[in-house]
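Data first, discussion second: the structure below is written as C-alpha cells.
The values are calculated or read from the model by the stated rules, or taken from the named source; none is laboratory data. Please read these numbers as outputs of a predicted model, since none were measured by experiment. Ideal geometry is used to build each Cβ from the backbone, glycine not excepted, and the neighbour counts take in all protein chains shown.
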Ligand SMILES: [Mg+2]
C-alpha cells in the first residue's frame, strides 16, 4: 500500500508539494501543488507539456503526467511547509521511455532479475561564486594550493553547516565537508545507497545547495569548468554490486581486492567509456575539464585517457579499497539518473560479455601517460562523444535506440546553436554561451 501523501501532509504540516522530474538535460522541473490537491495528483499525476522541456516531443503531443514516488518525499529543510517529490513520467497510460528516471529503473530491474543491486555514492563538487557568476564568492580564497584550506572552509561555515545539518536531519549520514582543490570549491560527502536513492538524493542535493547558497546571497555552480585555471567540478562515483548482504565485487585474495565479476563490470565501462562521456560529460563545457591543461594547483584531478589502477587519482578508474571502484569520469553537469543508468548499462554488458579490462596501470598518468600510446583517449569535445554514443551497441540496446536517438538529436541541436555563435577551443577563454547555459546546470 503506497503511502498516503494527504495524510502525511497533515502529520508533517506540509502546505505545498513540489512534484518534480528531471528531463534529458538534467534540468529539474516541477509544479507546486497545494496539499488540498495532492490526493488527486498522487493518483493521476501533475500535467506537463513535454515539448516545453528537454524531451524529444512536439507541441502536438499529449500531456505527460508526473506521478510522484511517495518514498522520495523530503520536507525542504529550509522551508518545512514544502514537500519535495521525485516522480515518474507517464503519457497515454504508459511510462515515458525517454525519461531519465524510467531509464534508470529499467537498468535496475535488469540487475534485480539476477538478484543484484548496484550501490553507489556520488561526490558532487561545486563552487560558491558571486551571484552574477564572474568570480568566486570569497575574494580572500587565493592560495595556489587551496585544497583542505581550513580558513577558507570556516569562512563559509554557516552555509556549509546549514547544508550538512539538513543532510543529518534527512538521515543521509553525511560524514565530511571540505574545501576542494580549486579556490572557491567545496565537496560534501554522505553515505552511499542503492542507485535510485543516490540519484534522487543527487538531484535534491544540487537543488538544496543552490537554494541555500542563494538564501545566503551567493550562487553555487556545478559547472564542469567555470574558471580556466582552476580544477573543475567532478562528480566521482564509488560503485559496488550486491546480492543481499554480500558484496559481489569483494575478493580479499585479489591484489586489488576485486572479483572476476567486478573486473568484467570494469571491462564493460572501459569498453564503452567514450560513449558514456556523452552522458557523463554532457555539456560543451565538460571537455574543458577532461584532458585539461595543468591548473594553478598543479593537477587537474580529471582523466584524459581510459585506464584503471589501484589507489591513484590520475586514472579514469581508481580502486581505492577492496570491493569497490571509483569512476572519476563524470562532472557536475551529468544527469544524476543517466549517470547511474550508464554505469549499470555498461557494467551489465561487461558482465554478460565477460569483457576483460586489461591490466591495471600503476603509473602517474599526468606525467607518464604519453608513454602508453595504445591507451584509448577520452573524447576531446561533445561532438566526438555523441559520435561514439551513436555507434555504441551496449548503450543503444540498454537505453533503447529510440531514446538514445532522441538524446543525440537534442544534443546535436544544442551544438548547432553553440557553433552558430562560438567556437570551442580549450586554449581560448570560456565562452559567454557556456556560462549562460552551464553555470546553473
Ligand atoms: Mg573531490
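The table for this structure:
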quantity: Test: residue in the range 232-242 that is within 13 Å of the ligand (Cβ to nearest atom), closer than 20 Å to residue 338 by Cα and surrounded by fewer than 20 Cβ atoms within 10 Å (Cβ to Cβ); calculated: yes
quantity: Subset of the range 185-200 [in contact with a helix residue (DSSP H, G or I) (Cβ under 8 Å, 6 or more places away or on another chain) and within 30 Å of residue 141 (Cα to Cα)]; calculated: 186, 188, 190
quantity: Residue 349 being in the same structural domain as residue 255 (by TED's automatic domain parsing), within 28 Å of residue 422 (Cβ to Cβ), buried (at least 17 other Cβ atoms within 10 Å of the Cβ) and touching a residue at least 40 places away in the same chain (Cβ under 8 Å); calculated: no
quantity: Residue satisfying all of: in the range 296-310; part of a loop (DSSP other than H, G, I, E, B) and buried (at least 21 other Cβ atoms within 10 Å of the Cβ); nearest to the ligand (Cβ to nearest atom) among these; calculated: 301
quantity: Enumeration of residues in the range 180-197 that are touching a strand residue (DSSP E or B) at 6+ places or on another chain (Cβ under 8 Å) and more than 16 Å from the ligand (Cβ to nearest atom); calculated: 191, 193, 194, 195
quantity: Test: residue in the range 357-373 that is in a helix (DSSP H, G or I), surrounded by 15 or more Cβ atoms within 10 Å (Cβ to Cβ) and touching a strand residue (DSSP E or B) at 6+ places or on another chain (Cβ under 6 Å); calculated: yes
quantity: Selected residue (criterion: nearest to the ligand (Cβ to nearest atom)) from residues of the range 99-130 that are over 17 Å from the mean Cα position of the chain (by Cα) and part of a loop (DSSP other than H, G, I, E, B); calculated: 130
quantity: Residue 85 buried (at least 19 other Cβ atoms within 10 Å of the Cβ) and within 16 Å of the ligand (Cβ to nearest atom); calculated: no
quantity: Residue count, the range 165-179 (criterion: surrounded by 13 or more Cβ atoms within 10 Å (Cβ to Cβ) and within 16 Å of the ligand (Cβ to nearest atom)); calculated: 4
quantity: Test for residue 38: is it surrounded by 13 or more Cβ atoms within 10 Å (Cβ to Cβ), out of contact with any strand residue (DSSP E or B) (no Cβ under 9 Å at 6 or more places or on another chain) and assigned to a helix (DSSP H, G or I); calculated: no
quantity: Residue 134, sole failed condition from (1) part of a loop (DSSP other than H, G, I, E, B); (2) within 22 Å of residue 333 (Cα to Cα); (3) at pLDDT 95 or above; calculated: (3)
quantity: Any hit, the range 134-151, residues being in contact with a helix residue (DSSP H, G or I) (Cβ under 8 Å, 6 or more places away or on another chain), exposed (fewer than 15 other Cβ atoms within 10 Å of the Cβ) and in the same structural domain as residue 336 (by TED's automatic domain parsing); calculated: yes
